[in-house]
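This report concerns only the one structure given below.
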Amino acid sequence: MTDYRIEKDSMGELQVPCSALYAAQTQRAIDNFPISGLVMPASFIKTVALIKKAAASVNIGLGELDADKGQAIIAAAGQVIAGEHAEQFPIDVFQTGSGTSTNMNVNEVLASLASQIAGKPVSANDDVNMGQSSNDVIPTAIHVSAAIECHSKLLPALAHLAETIEQKAASLDHVTKTGRTHLMDAMPVRMSQELGGWALQIRNGIDRINASLPRVYQLAQGGTAVGTGINAHPDFAKLFADNLSAETGLPFAPNRSFFESLSSQDAMVELSGQLKVIAVSLMKIANDLRWMNSGPLAGLGEIELPALQPGSSIMPGKVNPVIPEATAMVAAQVIGNDATITIAGQSGSFQLNVMLPVIAYNILQSLEILSNVSVALADKAIAGFGVRQDNLQNALAKNPILVTALNPIIGYTKAAEVAKAAYKQGRPIIEVAAEMTDLSLEELTKLLEPAHLTQGGINE
């Protein structure tokens, strides 16, 4: 049998496990929301603790909070930020829309720890939550945790992916292959050009994130219950943002309108939209890799991805493009998360958005899985794939679409006749063109040289 203790809140008494650092309000949320088994991300809980740490420091400085209690709160918050007591934050993502349950969960845990440290009672509401409301803490935690994850994980991961693609592209600049439009043979391209397109997609994604971050840096903290700042010191918001900036190295500032901060999550909808674009880019890159790797005999067989694991439980020797497949699934998840965040973002009724926890969960999941899969794609797929030069050259030599280069000389209609004959006979275009036109083999060799036909396409 589990041992319980009796805790009280404004609604009365209830049993709480003796081992729990939390108290009555957390227990009510545990009882009320047995919904998904999904809990708020660790990065989010750590950020709420970071907010409590900054708030305690500011309130001590303003003379609002007893210094002993405040220092104990700061020390307790440090433990949570370090990843300790993770099991003390069990509340379901699908909870009260303001995230009040999670805010009080952190308040109660920190109050318990701080009381032990200070050797005197520290109140979850009056001390840990001083000058704050769930209504400004949770929006602030969403912005701060997202900003931290962007800088510490996603942007470095995307930069690594872009650099890996660019290095691979440079090493393959000498490789010419058949281009494809509509999945059909088209004019030749250099593999460096193809990969260069991927790299720019990722570079543009980095720019998009950086363009969104200025709105993410604008914080709700100081708006308290409805945006008016009730019960917060007039200087609290600015000092809090300065404290958080010093702690994280990021340029946080109070939002120009706390009413905007509390009632909307437009900055997260914007950031999520940019994550969706990156997901779309990764999906395109992953699918190109899958097509290029297809085979090894009956597919395109242009490249050979690193063999990472057996591909079948029944077909011996089969190896599958597992990293591109994982990448595509991450992309699908992020696109779905964006739909959730979009719906949640418009759920601001008057002075408060009431889908904050699901926004936090989805934006942080998107940031995490995009970061992780970008590194995997770079290191386990792109950096190590080999080129099957024989297959590339065989396809390129027989590609009738090369005849496009002859359009200005023999005209579109005659070129089409040559192409169709080459298709039908299964012969290299240069041989058929030599028979069906007045051009010499020497002229045709010069005009139809695949590498020569790849010039252009990059504007420096």
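Brief remarks follow.
- Computed E for ALA339/SER171 - FRET, C-beta separation, R0 45 angstrom, nearest 0.05: 0.70
- Mean-position separation - Cα centroids, segment 358-413 and segment 419-460, in angstrom: 24 Å
- Full-extension gain in nm, ALA395 to ILE6, via 0.36 nm per residue minus C-alpha separation: 132.3 nm
- Listed by chain and number, the aspartates and glutamates whose alpha-carbon sits under 15 Å from that of LYS69, ignoring those within fewer than 8 places in the same chain, are GLU108, ASP126, ASP127.
- Calculated FRET efficiency, ALA67 to LYS284, Cβ-Cβ distance, R0 = 45 Å: about 0.20 to the nearest 0.05.
- Working from label points 7 Å from Cα in the Cα-to-Cβ sense, the TYR423 to LEU308 distance is 3.8 nm.
- Per-residue ellipticity at 222 nm, computed for the chain from helices alone with -39500 (n - 2.57) per DSSP H run of at least four residues, works out to -18500 deg cm²/dmol.
- For the listed residue pairs LYS424/LYS446; LYS398/LYS424; LYS398/LYS420; LYS153/LYS380, the alpha carbons are over 20 angstrom apart in LYS424/LYS446.
- Efficiency of FRET between HIS182 and ASN320 - r from beta-carbon atoms, R0 22 angstrom, step 0.05: 0.30
- Under the span-like rule (Cα at least 15 Å along the axis, Kyte-Doolittle mean at least -0.5), DSSP H helices of the chain: 42-61, 67-81, 100-118, 134-149, 155-171, 191-216, 236-248, 266-293, 322-345, 356-377
- Computed from label points 7 Å out along Cα-Cβ, the spacing between ALA451 and SER347 is 5.9 nm.
- Loop-located trypsin sites (Lys or Arg not before Pro) in segment 201-282 (DSSP state not H, G, I, E or B) with no more than 14 neighbouring Cβ atoms inside 10 Å: ARG256.
- For the chain, share of DSSP beta bridges that run antiparallel, in % to the nearest 5: 90 percent
Each value in this text was obtained by applying a stated rule to the coordinates, not by laboratory testing. Given the structure is predicted, the values throughout are model-derived calculations rather than measurements. Quick reminder, even Gly has a Cβ in these numbers, built from the backbone with ideal geometry, and neighbours come from all protein chains shown.
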